[in-house]
Amino acid sequence: MKSSYELAMERLNKTAPAAKLSNAQKQELAELDSQYAAKIAAREIALKAEIATTDDVEKESVLREQLATDRKKLQAELEDKKERVRQGK
């Protein structure tokens, strides 16, 4: 007997089958993940160092917001590039 999860996955695969990726696409996706992880880490290190040295509460708040914004922007950029790779563009 199949679980409701398995039945839902079967229905999903019938309506929108999972795309098959080539090895080159998989490698490019992994490379993008690695590059953006490094970009995000570098940005976090820079801003956290700046946060640690400031005594101004308002400036610290602004820097934390900037870090969150930068992280979201880089994640969105990564997802956009990954989608282009998946589509073969």
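Using C-alpha pairs under 8 Å with a sequence gap of at least 6, the mean separation divided by the residue count of the chain gives a relative contact order of 39 percent. For the chain, the 222 nm mean residue ellipticity estimated from helices alone, with every DSSP H stretch of n ≥ 4 adding -39500 (n - 2.57) and the total spread over all residues, rounds to -29500 deg cm²/dmol.
Available extension along the chain between residue 64 and residue 37 is 7.9 nm, counting 0.36 nm per residue and deducting the alpha carbon span. Here's the list of lysines a cross-link from residue 26 could span, going by alpha-carbon distance under 29 Å and ignoring same-chain residues fewer than 8 apart: 14, 39, 72, 73, 81, 82, 89.
Taken together, the values in this text are just the output of simple stated rules run on the coordinates, not laboratory data. Please read all numbers here as calculations on a predicted model, not as lab measurements.
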